[in-house]
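Colleague: Encoded as structure tokens, here's the structure I'll be asking about.
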Amino acid sequence: MASTRPLHTLSSTLKQTIPSLGPFINNSHKSNSISFTFSSSSSLRQVATFVSFNPSGNFDLSLYDDQENIEVAPPPMPPSEGRYEVVIDNDIIQHLDLSPFQNATGISSPLSAKPKEFMERTIGFTINYKREDKYDLRELSEFPDIRLWFVRLDATYPWLPILLDWRAGELARYAAMLVPHQMSMKMGVVFNPEALELFVMNKVFVVYSWLKQNEIPMPRLKTKDMARMLGFGIGDELFDLIDKNHIDPS
């Protein structure tokens, strides 16, 4: 039976709700959190936001909930030197224009990316978003138009998470744009556990196949590392099943 070792502990209802994923994903995190930074042109300061994985599986959180035994992660590291920087603003976002990503990275189409080069330099985002209301305190991941831009980006380049600047929190921020979550003053961004699990599994399938297709060394390890950054341990049994039931991407 294929199995995985979880890094986060979600509630037992998670496996009851999605029984088909239970054997492959383990989440033994007691309370894990990843930090990343949101910035906006409406303010010169940057606000460190923490991505937390709610161990109780309870998604009904108050913004000011006083959660006990939550380990707060340190602020993210600075952006990696020499990374590809994608800069977007209100106009780019409103027109669902992906050209800033294409121009910054040189990836004109999904087939033109050279994984090795981008995995070495990594990719990051600068979001210069001007709020219509200067008193709007929502995080950038709570604005529908910003999230829609990232949804289109992800639909076009579904393997993108493996190329992001993980150490600077770009993977966590990217996930926040695509996965339902709530805000808590103490826990930061709290993902819906079931949605996060589905997101991670989707990216495991996509990324692993893409790395193999491009003959990148150690595709299993790199895929596992990506999942681990979001709090999930993936066992080799899952990759064995993927390899056994290989699908030709062409």
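Colleague: Filter the stretch 126-183 down to residues that are free of Cβ contacts under 8 Å to residues at least 12 places away in the same chain and either of a type in the set (A, V, I, L, M, F, W, C) or touching a Leu at 6+ places or on another chain (Cβ under 6 Å) (or both) and give me whichever is surrounded by the most Cβ atoms within 10 Å (Cβ to Cβ).
Modeller: 137
Colleague: Out of 194, 132, 215, 142, which single residue is closer than 21 Å to residue 233 by Cα and acidic (Asp, Glu)?
Modeller: Details: 132 fails: closer than 21 Å to residue 233 by Cα; 215 fails: closer than 21 Å to residue 233 by Cα; 142 fails: closer than 21 Å to residue 233 by Cα.
Exactly one residue qualifies, and that residue is 194.
Colleague: Inspect all residues belonging to the stretch 146-168 and state whether any of them is at negative phi, small (Gly, Ala, Ser), at pLDDT below 95 and touching a helix residue (DSSP H, G or I) at 6+ places or on another chain (Cβ under 7 Å).
Modeller: First pass over the stretch 146-168, keeping only residues at negative phi: 146-168.
Then drop every residue that is not small (Gly, Ala, Ser), which leaves 155, 168.
With the extra rule that they be at pLDDT below 95, the set shrinks to 168.
Pick out the ones that are also touching a helix residue (DSSP H, G or I) at 6+ places or on another chain (Cβ under 7 Å) and you get none.
No, every residue in the stretch 146-168 fails to be at negative phi, small (Gly, Ala, Ser), at pLDDT below 95 and touching a helix residue (DSSP H, G or I) at 6+ places or on another chain (Cβ under 7 Å).
Colleague: Quick one: count up the residues across the stretch 58-108 that are of a type in the set (S, T, N, Q) and at pLDDT 95 or above. Let's see the steps before the verdict.
Modeller: Narrowing the stretch 58-108 to residues of a type in the set (S, T, N, Q): 58, 62, 67, 69, 80, 90, 94, 99, 102-103, 105, 108.
Within this subset, residues satisfying the condition of being at pLDDT 95 or above are 90, 94, 99, 102-103, 105.
Result for the stretch 58-108: 6.
Colleague: Here is a further query. What single numbered condition from (1) farther than 28 Å from residue 102 by Cα; (2) assigned to a helix (DSSP H, G or I); (3) charged (D, E, K, R) fails to hold for residue 145?
Modeller: (1)
Colleague: Let me ask something else. For the stretch 105-120, give me each residue that is β-branched (Val, Ile, Thr) and touching a residue at least 40 places away in the same chain (Cβ under 8 Å). Reasoning before the result, please.
Modeller: Let us first name the residues in the stretch 105-120 that are β-branched (Val, Ile, Thr), namely 105, 107.
Residue satisfying the conditions is 107 alone.
Colleague: Look at residue 141 and say whether it is out of contact with any strand residue (DSSP E or B) (no Cβ under 6 Å at 6 or more places or on another chain), farther than 30 Å from residue 241 by Cβ and among the hydroxyl-bearing types (Ser, Thr, Tyr). Steps first, please.
Modeller: Values: out of contact with any strand residue (DSSP E or B) (no Cβ under 6 Å at 6 or more places or on another chain): yes; farther than 30 Å from residue 241 by Cβ: yes; among the hydroxyl-bearing types (Ser, Thr, Tyr): yes.
Criteria met by residue 141.
Colleague: Give me the pairs: first residue in the stretch 199-225 and at pLDDT 95 or above, second residue among the polar types (S, T, N, Q), beta-carbon distance under 7 Å, and six or more apart or on different chains, which are they?
Modeller: Pairs that qualify, where the first residue is at pLDDT 95 or above and the partner is among the polar types (S, T, N, Q), are 204/223; 207/223; 208/223; 211/223.
Colleague: Which condition from (1) among the polar types (S, T, N, Q); (2) part of a helix (DSSP H, G or I); (3) within 17 Å of the chain's Cα centre (by Cα) is the one that residue 126 breaks?
Modeller: (2)
The values are calculated or read from the model by the stated rules, or taken from the named source; none is laboratory data. Predicted model, so just to flag it, every value in this text is computed and none were measured. Cβ coordinates were reconstructed from backbone atoms using ideal geometry, including for glycine residues, and neighbour counts include every protein chain displayed.
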